[in-house]
């Protein structure tokens, strides 16, 4: 699922029609301009209750307050790697 489409919806429809007819087509569905994406990508939640959830079947393996940096090491340890 992309946030934005490059080009018009009519152009995308025409491209889909070319695909259905078996003709050559090239989708330009994802623009390369990163400045149009807004939001809190990568920022921690201001309230810990709104933060990510870490689920594990071995509760003793989880630290009291795991950071995002602990997840990889935890996953590797749980897989015995």
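The values are calculated or read from the model by the stated rules, or taken from the named source; none is laboratory data. Fair warning: this is a prediction, and the values are worked out from it, not measured in the lab. FYI the Cβ positions are ideal-geometry reconstructions off the backbone, even for glycines, and counts take in every protein chain you see.
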task: Identify the residue in segment 43-62 that is surrounded by 10 or more Cβ atoms within 10 Å (Cβ to Cβ) and in a loop (DSSP other than H, G, I, E, B) and, among all such residues, is nearest to the chain's Cα centre (by Cα).
output: 52
message: Tell me the residue from 52, 31 that is modelled with pLDDT under 80 and within 25 Å of residue 78 (Cα to Cα), please.
response: 52
